[in-house]
Amino acid sequence: MIFITLLLAAFIAVIRTVNVHQEEHIGSKVKQFLDIPVTNADDRFQRALLEDAMDIFYPDQTEKNDTIVQEILSIKDDQFNEQLQKSHEKRRLSFKAFIEISLMYVKFLVIYIIVMLLTYYGVQTIASWRFIREKYAEHTHIHFPDKSLKHKITFSKSVKSFIKTLFYLVFFSPAYVIAYSIRTEFNTDSVFFMIFLAVVSNGLLITYTNKFRAFLISESRKGYIDTARVKNLNEQFTISDKGITPGALLSPVKNFKGHLFNHIFKNAHFQYLSTLKEQASFLITGLIIIEMALNIHGYLNYEMLRQILYKNYELVVLIAAYIFYTVKFTEIFTDYLMYREMKKYENR
């Protein structure tokens, strides 16, 4: 992190030096000619008129005049594009700009932390609920003496499967698809909207719910489960009625004390911790796409796109550094959580 910080700082210094040299270059060669009223650099008539004027006032230096004309037209073209895109507001990394971008980063960080916590809770809760429901279904056998009842239940399952398919299509859609789909329905500038969209976009919640469920299924088939059964632990996979209580399932810190599922959950949870790093990367990517796709002003990633278009690369480097620090600190924190869990297994 120190190396990348120094590298980015050096990059900012290089950008600033290059900008100064470019300004000096313009000032030394063609600045005196920039007041010439050329309105359209692509107009052949104006170009020819400018070349003739230069040859009259500066004879016997045709090649030099051609070079000056080329630079004048190039600068005029750049000035026109800057006015068109309002990118004449050139900004450098001043103290004021640093404070503005830092405040945007704080807002980005708040949304990022809230979404990570909601996803962390939602993944474990939904996956545990699905696993318990499936375990209960395995031990429940239903017989259908009436064929019409069987057909009704089959039809009901088909409808549910169709609705579930539509649900998955929405929740697995890329961030920009969801963003554009509901753009006119909500106030996209609100923090609440950003949090909601970040949770459901890029399949973040559903993807890692399925991963956690896979961890639960894998752990439930391991040998230590038989050892836990010998200890007479509760293995009734139902919600309440002497099974798993709703409070334990919905609790932010899950503990299924006295139940077989507690051992399954804890081991699956340890494996899930390692996925937080990639989950964070998907989330940051989703936030970048959402803010850019919806043109949400006042947010960090949209500001980065805006400064790229304006060629204010000093500010772009600062924003990139903030995103880099977010990813690295997430990785460090995840490693710390895994280290702490390992110490629990080692009784240290």
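Details
- Annotation: amide H of Asn312 has no partner in the under-5 Å range at sequence separation 5 or more or interchain, hydrogens built in the peptide plane.
- Across region 260-277, computed HN-Hα scalar couplings (Karplus, 6.51 cos²θ - 1.76 cosθ + 1.60, θ = phi - 60°) run 4, 5, 4, 5, 4, 5, 4, 5, 5, 4, 4, 5, 5, 4, 5, 7, 5, 5 Hz from first to last residue, x flagging Gly and Pro.
- Additional length obtainable on full extension of the chain from Tyr121 to Ile225, 0.36 nm per residue less Cα span: 34.9 nm
- For region 126-134, 3J(HN,Hα) per residue [Karplus equation, 6.51 cos²θ - 1.76 cosθ + 1.60, θ = phi - 60°, Hz, x = Gly/Pro]: 5, 5, 5, 4, 5, 5, 5, 5, 5
- Listed from fewest to most Cβ neighbours within 10 Å, the set Ile296, Ile239 follows the order Ile239, Ile296.
- Cα centroid separation, region 291-316 to region 223-256: 49 Å.
- Listed pairs Lys160/Lys242; Lys211/Lys266; Lys135/Lys257; Lys211/Lys257 exceeding 22 Å between Cα atoms: Lys160/Lys242; Lys211/Lys257
- In this structure the amide hydrogen of Glu235, modeled in the peptide plane, comes within under 5 Å of the amide hydrogens of Leu260, none closer than 5 places in sequence on its chain.
- Extension gain from Ile239 to Lys164, taking 0.36 nm per residue of separation minus the Cα-Cα distance: 24.8 nm
- Per-residue 3J(HN,Hα) values for region 285-298, derived from phi via the Karplus relation 6.51 cos²θ - 1.76 cosθ + 1.60 with θ = phi - 60°, read 4, x, 5, 4, 5, 4, 5, 6, 5, 8, 6, 7, 6, x Hz in sequence order (x marks Gly and Pro).
- Exposure proxy ranking, count of Cβ atoms within 10 Å, fewest first, for Arg92, Arg213: Arg92, Arg213
Bear in mind these aren't lab numbers, they're just calculated from the coordinates by the rules spelled out. These figures come from a predicted structure and were not determined experimentally. Cβ: placed from backbone, ideal geometry, glycine included. Neighbour counts: every protein chain shown.
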